[in-house]
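Input: a single structure, listed below in structure tokens.
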Amino acid sequence: MRICCIGAGYVGGPTMAMIAAKCPHIRVDVVDLNAERIAAWNSADLPVYEPGLDDLVQGSRGKNLFFSTEVKAAIRDADIIFVSVNTPTKTFGVGAHKAADLRFVEAVARTIAEVADAPKIIVEKSTIPVRTAEAIKTILASSEKGLQHQVLSNPEFLAEGTAVADLTSPDRILIGGEQTLGGLAAIETLVSVYANWVPRERILTTNLWSSELSKLVANAFLAQRISSINSISALCEKTGADVDEVARAIGTDSRIGPKFLKSSVGFGGSCFQKDVLNLVYLCGHFGLPEVAAYWDQVILMNDWQKHRFAERVLRTLFNTVTGKRIGVLGFAFKKDTNDTRESAAIYVCKDLLEERASLSIYDPKVGSAQICKDLEIESGSPNVEFATSAAQAAAGAHALLVLTEWDEFRTLDFEAIYDSMVKPAWIFDGRSLLDHAKLRQIGFKVYSIGKPLPQEAAA
Ligand code: UDX
Ligand code: ADP
């Protein structure tokens, strides 16, 4: 059996590396139009940072795992074709800022229709709106070759930073397909691939639409929990309650559970916002405006949380940050990844730049070129400096903002940092990560999301 994966991104690369590692009898070709990305997958410096990924790729690369730009050849030779291309939110036209832009998926479907000379199993791996499989099938059917391809939905639930662990022992694998003889046979073929390492009872099979919708709904529920606890963080600050204590108290209720209740400066990442907006768009499209408004609120709350944090910094620093140096710790959307897509840090930094602050940004894995791109500034822009350590970002700053929960930030030499900062030295902890009692002992003024407001902070 041969597998090919179109799209060598955050999803395609790690997922295929895992399949190759667990199925040495299957040849896996990962292809992408982006030659630079493919070159990186073939180098020692992979384009995706994930703990454990280097070893995983090295174990199979050149044996049964290959990265190349030969998209058409890979399609021709494969029995199973995973489609793992990007599906960004549309920025123009009908459904702008809500609907998914499916042009990359469509392009792939057209290429498969053109190139395939035998029936294939085509697997949607990218997150896509419900009923995309229908569109793919229509395009495939429009080819005059009369081949009976099967389209399956197999959404990926891995989270960045823990991709290798998530792929090694997933909570579940979800495979949706047509409930016809051909569809069921295709589902069974894909089940047999995963069954090489995932217990059968964790492999769920459904109809096509349930599978497609489940991916959006899973992300919407997770995002909703974060927005819910973030809404409570604001109430905690006003009332003197502590959001981490509240989260622990409610999370021990086995019906609620402890996960995804960590209040933060706002969720980011390539999936949550996109998928919730997608759900909102779908509900609107199907004439369900009340349902759309309900889910839209998850996004509005997240936007509010990001702006609220920046505003807190501004107001606390005597309503002006113009020309003030502010150290920013963390730019990735979460720890253990170099991914900045939709990172809360982008929004917080932009708000502060708008107020003409002078930022000094440090992230252990995100480089200055990416940060410039995200902030839409030229490199060398006078208001943004790039530090090579947290201590350097803090030196001479009026305030230090913790925007990503990198482990290394917990154990910094805060005494030395305090000495190097302008007084009063403020720490704004957007992840409730640090030991606040200890920081206060050193002399810092501390604001942390969802904790009772310190007296000196603006009400
Ligand atoms: C998410 C889903 O978890 C995953 O199943 C799906 O396949 C892709 O989208 P990911 O975006 O990689 O994964 O990371 P996740 O761990 O879900 O975090 C998303 C954002 O929420 C991050 O910005 C994170 O910091 C934030 N978050 C997460 C919180 O603010 N609080 C929490 O309790 C959990
Ligand atoms: P994800 O997070 O979903 O994996 P990425 O943006 O990281 O998304 O990766 C998607 C990849 O798909 C990109 O590397 C892009 O170059 C690739 N891609 C998009 N369209 C095509 C196509 N028609 N053929 C091959 N690769 C494609």
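Seen from all sides and averaged, what is the projected area of the convex hull of the Cα atoms in region 183-334, in nm²? Before the final figure, lay out the partial values.
Numbers: hull surface 54.9 nm².
One quarter of the hull surface, i.e. the mean projection, equals 13.7 nm².
Averaged over all directions, how much area does the convex hull of the C-alpha atoms of region 127-261 cover when projected, in nm²? Each step should come with its number before you reach the end.
Details: hull surface 43.2 nm².
Averaged projected hull area, Cα only: 10.8 nm².
Using label points projected 7 Å from each Cα along Cα→Cβ, tell me how many nm separate A35 and V115, to one decimal.
1.7
Over 19 Å apart: what share of the alpha carbon pairs of region 1-71 falls there, rounded to a whole percent? Before the final figure, lay out each step's value.
Details: 483 of 2485 pairs.
That fraction is 19 percent.
Helix-only estimate, please: 222 nm mean residue ellipticity of the chain, summing -39500 (n - 2.57) across DSSP H runs of length 4 or more and dividing by its residues, to the nearest 500. If you can, show how the numbers build up before the last one.
Working: 17 runs with 198 residues, N = 459.
Theoretical 222 nm ellipticity from helices: -13500 deg cm²/dmol.
Residues with beta-carbon under 14 Å from that of C23, excluding C23: net charge, scoring Lys, Arg +1 and Asp, Glu -1? Please list the in-between numbers first.
Details: positive: R2, K22, R27, K63; negative: D29, D79.
So the environment of C23 carries a net charge of +2.
According to the Kirkwood expression over distinct Cα-Cα pairs, how big is the hydrodynamic radius of region 348-455, in Å? Provide the component values of the computation, followed by the final result.
On the way: mean 1/r = 0.0689 Å⁻¹.
Hydrodynamic radius (Kirkwood, Cα pairs) of region 348-455 is 14.5 Å.
On C-alpha positions alone, give me the angle between the axis of helix 103-115 and the longest principal axis of the chain, in degrees, nearest 10.
Approximately 20 degrees, to the nearest ten.
Throw me the Rg/Rh for region 256-318, computed over C-alpha atoms with Kirkwood Rh, two decimals. Spell out each step's value before the answer.
Values: Rg = 14.8 Å, Rh = 13.5 Å.
So for region 256-318, dividing Rg by the Kirkwood Rh gives 1.10.
By what distance, in whole Å, do the Cα atoms of region 174-243 stretch along each of the three principal axes, largest value first?
60, 25, 13
When only DSSP loop residues count, what chymotrypsin sites (Phe, Trp or Tyr not before Pro) in region 300-377 have their Cβ near at most 16 other Cβ atoms within 10 Å? Write down the numbers at each step before the final one.
On the way: sites: W304, F309, F318, F331, F333, Y347, Y362; in loops: F318, F331, F333.
Of the chymotrypsin sites (Phe, Trp or Tyr not before Pro), the ones in loops of region 300-377 whose Cβ has at most 16 other Cβ atoms within 10 Å are F318.
I need the fraction of alpha carbon pairs in region 315-382 separated by more than 16 Å, rounded to a whole percent.
Working: 1008 of 2278 pairs.
The answer is 44 percent, as a whole percent.
Which angle between 0 and 90 degrees, to the nearest 10, do you get for helix 12-22 versus the longest principal axis of the chain when only C-alpha atoms count?
Orientation of helix 12-22: about 60 degrees from the principal axis.
Let me know the charge dipole size of region 123-236 about its Cα centre in debye, to the nearest 20, where only the beta-carbon of Lys, Arg (+1) and Asp, Glu (-1) is charged.
On the way: 9 positive and 11 negative charges, 22 e Å.
Result for region 123-236 is approximately 100 debye, rounded to the nearest 20.
Find the eigenvalues of the gyration tensor of the Cα atoms of the chain, then list the square roots of 5 times those eigenvalues as equivalent ellipsoid semi-axes, largest first, in whole angstrom. Walk me through the numbers before you get to the answer.
Details: eigenvalues 367, 114, 82 Å².
Values for the chain, descending: 43, 24, 20 Å.
I need the semi-axes of the equivalent ellipsoid of region 106-199: take the C-alpha gyration tensor, multiply each eigenvalue by 5, square-root it, list largest first in whole angstrom. Can you show the working numbers first?
Numbers: eigenvalues 137, 47, 26 Å².
Rounded to whole Å, the semi-axes are 26, 15, 11.
Quick one: if you take sqrt(5λ) for each eigenvalue of the C-alpha gyration tensor of region 1-141, what semi-axes come out, biggest first, whole angstrom?
Largest first, region 1-141 gives 26, 19, 12 Å.
Where a number appears in this text, it was derived from the coordinates with a stated rule and is not lab data. Being a predicted model, the structure only gives us computed values, none of them experimental. Heads up, the Cβs are rebuilt from the backbone with ideal geometry, glycines too, and the neighbour counts pull from every protein chain shown.
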